[in-house]
């Protein structure tokens, strides 16, 4: 989030999830709390200098992305959201 704020990107939150991948075991997916589609390209550019295992393989806009009222991430909730999204696209 520090890099996002430094670049003044309209992003409310970023959640990186490890999801199962048959080839790699797991892969990183980035859920991005923003309503602006152009922000994804700018985020990808920001992460180009990261080491390859740290770079998300998939970036998704998720305007409703937010932690719980207690400030904790409900990772299983967002994994379920991602699975429903993938099922709808299949």
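The number of residues in the range 59-79 that are surrounded by fewer than 14 Cβ atoms within 10 Å (Cβ to Cβ), in contact with a strand residue (DSSP E or B) (Cβ under 8 Å, 6 or more places away or on another chain) and not in a loop (DSSP other than H, G, I, E, B) comes to 1.
Scanning the range 2-33 for residues that are assigned to a loop (DSSP other than H, G, I, E, B), out of contact with any helix residue (DSSP H, G or I) (no Cβ under 8 Å at 6 or more places or on another chain) and at pLDDT below 90 yields 8, 22, 23, 24. Can you tell me which residue within the range 36-58, out of those that are within 16 Å of residue 5 (Cα to Cα) and surrounded by 13 or more Cβ atoms within 10 Å (Cβ to Cβ), is modelled with the lowest pLDDT? Here the residue is 36. Taking the listed residues 40, 82, the one that is assigned to a helix (DSSP H, G or I) and touching a strand residue (DSSP E or B) at 6+ places or on another chain (Cβ under 6 Å) is 40, with no other qualifying.
Do you know which of the residues in the range 16-59 that are closer than 17 Å to residue 86 by Cα and touching a residue at least 40 places away in the same chain (Cβ under 8 Å) is nearest to the chain's Cα centre (by Cα)? Only one residue fits best here, namely 31.
The values are calculated or read from the model by the stated rules, or taken from the named source; none is laboratory data. This structure is a prediction, so every number in the text was calculated from the model and none was measured. Glycine also receives a Cβ, built like all others from the backbone with ideal geometry; neighbour counts cover every protein chain displayed.
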